[in-house]
Amino acid sequence: MATKQSMADYITDQLAGAGDVYARKMFGEYALYCDGRVVSLICDDTLFVKITESGKQFVGNFYEEGEPYKGAKPWMVINGDRIEDHEWLRELVRITADNVPLPKQKKIKRNEA
């Protein structure tokens, strides 16, 4: 089951103020970016946040792991109640973005004649 656009829009709205946040559709699901870093995935209308040590400490008792898709590494599963708490969710995403490196720049291949 693919994630609904409305779910991606709702979560993106909840993250207003966390930084430059946007969703990119990929294979019927969504990757959420914060300041150019992938910080979470929305798969089957479920929010998965990339695991960092700082994020685990922040989440505390609300910590639960799951796979966004078969064969994926574990991510933090964030349930509906936590998604509705926009201040808490914004802080988790901010912490995650601060602890995830920027993606590596792709090298441009030049044709040599």
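General observations
- Taking a straight Cα-Cα cut-off under 18 Å and skipping sequence neighbours fewer than 8 places away in the same chain, the lysines within cross-link reach of Lys104 are Lys50.
- Within straight-line reach of Lys73, meaning a Cα separation under 17 Å, sit the following aspartates and glutamates at least 8 residues removed in sequence or on another chain: Glu29, Asp44, Glu53, Glu64, Glu65.
- Available extension along the chain between Gln105 and Gln57 is 14.3 nm, counting 0.36 nm per residue and deducting the alpha carbon span.
- Between helix 86-98 and the chain: long-axis angle, C-alpha atoms, 0 to 90°, nearest 10: 40
- Entry for percent of Cα pairs over 24 Å apart (calculated from the structure that is shown) out of [x] 30; [y] 23; [z] 19: [y]
Since every read-out is calculated from the coordinates, none of them should be taken as a lab result. This is a predicted model, so every value here is computed, not measured.
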